[in-house]
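Heads up, the thing below is written out as C-alpha cells.
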Amino acid sequence: MGKEKEKENPSQKALNLLRTRLSNPNFVFKPLSDSPDSNYSKLKFIISSSVTEACNNSILLLGPRGSGKAAVLELVLSDLLQQYPEAISVIRLNGLLHSDDNCALKEIARQLCKEHQLLFSKVASFDDNSQFLIAMLRECGLAHKTIIFMLDEFDLFTQGKQRLLYSLLDAMQSVTSQAVVIGVSCRLDVDQLLEKRVRSRFSHRKLLFLPPSKEDTERFLEHILSLPEDSSLPHSYTAEFNGRLKNVLADERFKELINTYLSFNSTIGQLVRFLFQAVSYMDLDVGFLSLENFKTALSSTQRQPKSECIKDCSILELYLLVCMKRLEVKEQNSYNFNSVMTEYKSMHEFQTSDNYAGNVCLRAFEHLLQRELISFTDNRGHNQSVEFRPVKLLISPAELHQGLKSYRSCPAILLKLIAR
C-alpha cells in the first residue's frame with residue numbers, strides 16, 4: 001500500500017527532487033557558470049592553460065561567505081579532472097587546520113605521498129618536507145603533471161612569518177615546475193597581508209564573487225525550482241507545477257519578498273538555504289509551491305535580535321535611532337551625540353510633541369550603547385566625554401523600519417521621517 005500511495009502522490013517525489021537539487025552545489029552553481037564572463041569560465045581558463053601550456057599560476061578567489069567561491073572551484077576541478085585525469089594532482093589545505101607552517105607543509109607532503117603511492121615520514125622536519133616539495137614539483141613538471149594547491153581561508157596562512165607561502169611560491173619559480181596556487185578568502189584586502197618577498201612572487205590575479213544581479217536571480221529561481229519535463233513525474237503534474245511556479249515568480253508580492261530577503265542575505269548560499277526552507281513548507285496535499293510557503297520561510301529566517309531590542313526601547317530612543325539613520329542617509333558617516341541632537345532639534349519642524357531635554361536625551365543615548373544598538377566607531381578617546389565620541393548604528397535600515405512598524409505605540413511621524 002505504501003508503494004502504491006507513493007506512486008499516486010507525485011508531490012512527495014517533487015519535494016524530494018527539489019531538496020536534492022538544493023543540496024547539490026554542482027547543480028546550484030551550474031546555471032551561473034554558462035556565461036564566458038562568469039568566474040567559472042575565467043577560473044577554468046586559467047587552470048587549463050597552466051595544464052596545457054605547462055606554466056605556473058596563482059590566483060585569489062575573493063567574496064563573502066556563501067558566494068560560491070569553493071563550490072565554483074570544486075566544479076572547475078571536477079570538470080578538469082575528467083578532462084585531464086592523468087595530468088592534475090590536487091592538494092587541499094584549510095587555514096583553520098593548517099595555518100601553522102610546519103603542519104601545512106607536512107600535510108602537503110602527506111597528500112603528495114598518498115597521491116603518488118610513496119612512503120610518508122611523520123618525523124620529517126620542515127626543511128625535509130620543503131626539499132621533498134621542490135623535488136616533487138620538479139618531477140611532476142618533467143612528467144607534465146600540474147599540482148593544484150587549494151588554500152581555503154587563505155588569510156589565515158598570512159599570519160606569522162609566511163614560510164609556507166614563501167616556500168611554495170619560491171619553488172614555483174623553477175623552470176621545470178608546473179603548479180597553480182589558488183587562495184580562497186572572505187577578505188578583499190588579503191593580498192595586502194602578504195610579506196614583500198611573498199607578494200613579489202604572487203601573480204595578483206583576483207576573481208571577485210559578487211551577489212547575483214536581478215536577472216541572474218530570476219534565472220536561478222526558475223532553474224532551481226522548475227521540475228524537469230523528462231522526469232518520472234506525470235507530465236500533467238509537471239506542467240501544472242511549472243505553470244503555477246511561473247505565476248508565483250511573476251507575482252509582485254513575491255518579487256518584493258525576495259528583495260526583502262536579499263537585502264539581508266545577498267549571497268547564493270543564503271538564498272539556497274531560504275529556498276530549501278520554502279520548499280519544505282510545501283503542502284503535500286495541495287502538491288504545489290505557493291506564495292505562502294515563501295512568506296512562512298521569510299518569517300522564520302529573518303534576523304530578529306535587533307528588532308526584539310527595539311520593542312523594549314522608549315519613544316525617545318526611537319527618535320535618536322531615526323536621527324542617526326537620517327544622518328547616514330545624508331552621507332554623514334561620522335557623527336556623535338551632539339550631531340544627533342542637532343538632527344533631533346531640526347525634526348521639530350515636522351512635529352511639536354516629544355521634545356526632551358538634553359540630559360534626558362544623553363541618558364537615552366547611553367542606554368542605546370548598553371543595548372548595543374549603537375557602538376563607538378573605535379576604541380580611542382576613552383578619556384573623552386560620551387557626547388563627543390563618534391558612534392555608528394548596529395542595526396540595518398530595514399530592521400529599524402520593521403521594528404518601528406511592529407512597535408505598538410510608535411508615533412506615526414517617525415515612520416514618515418524614516419522614509420524621507
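The values are calculated or read from the model by the stated rules, or taken from the named source; none is laboratory data. Keep in mind that this is a model prediction, so the values were computed, not measured. Cβ coordinates were reconstructed from backbone atoms using ideal geometry, including for glycine residues, and neighbour counts include every protein chain displayed. Just so you know, the surface numbers come from the protein's heavy atoms only, side chains and all, with ligands and any DNA or RNA stripped out. Shrake-Rupley method; radii C 1.70, N 1.55, O 1.52, S 1.80 Å.
Kindly state which helices (runs of 4 or more DSSP H) lie completely within the range 92-158 and contain at least 3 residues that are surrounded by fewer than 19 Cβ atoms within 10 Å (Cβ to Cβ).
Details: elements: 95-98, 101-115, 126-142.
By residue number, 101-115, 126-142.
Give the residues of the range 316-334 that are touching a helix residue (DSSP H, G or I) at 6+ places or on another chain (Cβ under 9 Å) and either open to solvent by 40 Å² or more (accessible area, probe 1.4 Å) or within 30 Å of L245 (Cα to Cα) (or both), sorted by residue number. Walk me through how you get there before you give the answer.
Filtering the range 316-334 for residues touching a helix residue (DSSP H, G or I) at 6+ places or on another chain (Cβ under 9 Å) gives 316-330, 332-333.
If the condition is that a residue be touching a helix residue (DSSP H, G or I) at 6+ places or on another chain (Cβ under 9 Å) and either open to solvent by 40 Å² or more (accessible area, probe 1.4 Å) or within 30 Å of L245 (Cα to Cα) (or both), then E328, V329, K330, Q332, N333 are the ones that fit.
If I ask for residues that are open to solvent by less than 20 Å² (accessible area, probe 1.4 Å) and hydroxyl-bearing (S, T, Y), which ones from the range 14-60 would you list?
Within the range 14-60, S33, S38, S49, S50, S58 qualify.
Is it the case that Q384 is open to solvent by 30 Å² or more (accessible area, probe 1.4 Å), more than 19 Å from A419 (Cα to Cα) and in a loop (DSSP other than H, G, I, E, B)?
Working: open to solvent by 30 Å² or more (accessible area, probe 1.4 Å): yes; more than 19 Å from A419 (Cα to Cα): yes; in a loop (DSSP other than H, G, I, E, B): yes.
Yes; evaluated as a whole, the condition is true for this residue.
When only residues in the range 357-381 that are in a loop (DSSP other than H, G, I, E, B) and in contact with a Pro (Cβ under 9 Å, 6 or more places away or on another chain) count, which is surrounded by the fewest Cβ atoms within 10 Å (Cβ to Cβ)?
Taking the range 357-381 as the starting set, the residues that turn out to be in a loop (DSSP other than H, G, I, E, B) are 357, 371-373, 377-381.
Imposing the further condition that a residue be in contact with a Pro (Cβ under 9 Å, 6 or more places away or on another chain) reduces the set to 377-378, 381.
Working: T377: 15, D378: 9, G381: 14.
In this case the residue turns out to be D378.
Would you please name the residue that is farthest from E252 (Cα to Cα), looking only at residues in the range 211-237 that are open to solvent by less than 40 Å² (accessible area, probe 1.4 Å) and of a type outside the set (A, V, I, L, M)? Walk me through how you get there before you give the answer.
Quick first cut of the range 211-237, residues open to solvent by less than 40 Å² (accessible area, probe 1.4 Å) only: 212, 217, 220-221, 224-228, 231, 233, 237.
Pick out the ones that are also of a type outside the set (A, V, I, L, M) and you get 212, 217, 220, 226, 228, 231, 237.
Details: P212: 19, T217: 15, F220: 17, S226: 19, P228: 25, S231: 30, Y237: 25 Å.
Among those that are open to solvent by less than 40 Å² (accessible area, probe 1.4 Å) and of a type outside the set (A, V, I, L, M), it is S231.
Scan (1) open to solvent by less than 40 Å² (accessible area, probe 1.4 Å); (2) outside the structural domain of F274 (by TED's automatic domain parsing) for the single condition C186 breaks and write down its number.
Result: C186 fails condition (1) only.
Give just the number: which of (1) within 24 Å of S89 (Cα to Cα); (2) hydroxyl-bearing (S, T, Y); (3) at pLDDT below 90 does S200 not satisfy?
(1)
Can you name the number of the only condition in (1) assigned to a helix (DSSP H, G or I); (2) modelled with pLDDT under 85; (3) touching a Ser or Thr at 6+ places or on another chain (Cβ under 8 Å) that E6 fails?
Among (1) assigned to a helix (DSSP H, G or I); (2) modelled with pLDDT under 85; (3) touching a Ser or Thr at 6+ places or on another chain (Cβ under 8 Å), the lone unmet condition for E6 is (3).
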